[in-house]
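*Asks:* If you scroll down you'll find the structure; I have some questions about it.
The values are calculated or read from the model by the stated rules, or taken from the named source; none is laboratory data. What you see is a predicted model; the values in this text were computed from it and never measured. All Cβ positions, even for glycine, are placed from backbone atoms using ideal geometry, and neighbour counts span all protein chains on display. These area figures cover heavy atoms from the full protein model, side chains too; ligands, DNA and RNA do not enter into them. Shrake-Rupley method; radii C 1.70, N 1.55, O 1.52, S 1.80 Å.
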Amino acid sequence: RTPRYESSSGMDDAALAALLAKADSALASVATVTSAAASAPPPAAAPVAAPAPPPAAAAPEPVTQQKPVMQKLLILYGTQTGNSRGVAKELGAEAAAHGFEARVLGMEKWKELDFEQDKTPLVLVSSSTGNGDAPDNADKFYRFAKKRSTPPVFKGVPFAVCALGDSNYEQFCEVGRQFDQHLERLGGNRFLKRCDVDEVDGIEAHVHPWAEKLWPALKALKQVAPAQANRGAEQAAEAAPAKAAAKGAAPAAAPAVAPLRSLTVFHSGGLTEEIAELIKAEAAAASPAASVRLLAMAKFKPWLAELDAAAASAPQHAVFLCQTVENEQPPEEAGPC
């Protein structure tokens, strides 16, 4: 900046020229500074902070290895000298390697099992003693399986039988043969042909080849079960439209059933009396308010008289148990009935 010029009568031309010269000098210096500022390099940019490295990924949690689901397997043995037990124990020890959790039991424990409910695959190993008799620990189970009155408790149970015997005896492997026959009669499904082991040749000579077929046959059962479930689902899907169409229809009324108020169980003595006691206990547990009594068949006619008198007041129920004797005739005390 230069001093402000103010006109005055006292300034001459020389003073004015000096003042203009100062102004020109000031302008020149301003131009020099401006040019220098224009040609100067731009100021360095402020350093930009480097981006922070991404946070380290969390280490994956260790994956717990789940144990494979083991298929259950029941192995029952009937033994007199220990050979059948040895075979059953050996099969039980091999089971885990093939994906099965085996339970090995003697046949004396058969009453502890619910075959019909569990549907666990069954491998039965039994020898024969004497002239085709069952081993001591298998005798009761053997008689239960052979009894004609036994209900189909093995319905849907897959089974296979390994029978031990001695070919020097006429009734070779008889107990195993009978088990194989009656388990099927009682509803079981044979998944592998019976193995008849001749102890004369050596047990292992028969058991090992059979066991090589046993495990693949059992694994095949595991594959069949899901397939059956799928078929059941398909059938349910196919039936769904029909069910939907009938949904509006009123459900059919359940048939009326008279309550159990009075039950008489007739027996002809002996075993039938024992069975009558079992029925009485079951009936009392199912219908505590019911009157349950046991009568010998000789008292049938007096009971008829009572029945005529009571028929109008309460429904009557009766069970008759009778065994035959020689020549298919009824016992003497059952004659009147």
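*Asks:* Using a cut-off of 24 Å between alpha-carbon atoms, which lysines can reach residue 89, once sequence neighbours fewer than 8 places away in the same chain are excluded?
*Replies:* Here the lysines satisfying the reach criterion relative to residue 89 are 67, 72, 109, 111, 119, 140, 193, 213, 219, 222.
*Asks:* Can you work out the PRE-style zone for residue 131? Point 7 Å along Cα to Cβ, and I want the residues of region 162-178 with backbone N under 13 Å.
*Replies:* What the label zone holds, given the 13 Å backbone N cut-off, is 169-172.
*Asks:* Between residue 301 and residue 271, what is the label-to-label distance in nm when each label sits 7 Å out along the Cα-to-Cβ direction?
*Replies:* 3.0 nm
*Asks:* Give me the one-decimal nm value for the distance between modelled label points at residue 93 and residue 181, 7 Å along each residue's Cα-to-Cβ direction.
*Replies:* So the two model labels end up 3.5 nm from each other.
*Asks:* Related question: Using a 1.4 angstrom probe, figure out how much accessible area region 96-151 has per residue, in square angstrom, rounded to the nearest whole. Show your work: numbers first, answer last.
*Replies:* Working: 3120 Å² over 56 residues.
Ligands and nucleic acids excluded, the figure is 56 Å² per residue.
*Asks:* Given 0.36 nm per residue, what is the gain on full extension from residue 284 to residue 109 after removing their alpha carbon distance, in nm? Could you put the intermediate results ahead of the total?
*Replies:* Working: separation 175, 0.36 × 175 = 63.00 nm, distance 2.75 nm.
Gain in length upon complete extension: 60.3 nm.
*Asks:* Leaving out ligands and nucleic acids, and using a 1.4 Å probe, what accessible area per residue does region 160-199 come to in Å²? Numbers along the way, then the final one.
*Replies:* On the way: 1770 Å² over 40 residues.
Per residue, region 160-199 has an accessible area of 44 Å².
*Asks:* Ignoring ligands, DNA and RNA, what percent of the 1.4 Å accessible area of region 103-209 is carbon and sulfur?
*Replies:* Working: 2320 of 5420 Å².
Reported share for carbon and sulfur atoms: 43 percent.
*Asks:* Residue separation times 0.36 nm, minus the C-alpha to C-alpha distance between residue 323 and residue 171: what's the value? Don't jump to the answer; show the numbers that get you there.
*Replies:* On the way: separation 152, 0.36 × 152 = 54.72 nm, distance 2.96 nm.
Going from the current span to full extension adds 51.8 nm.
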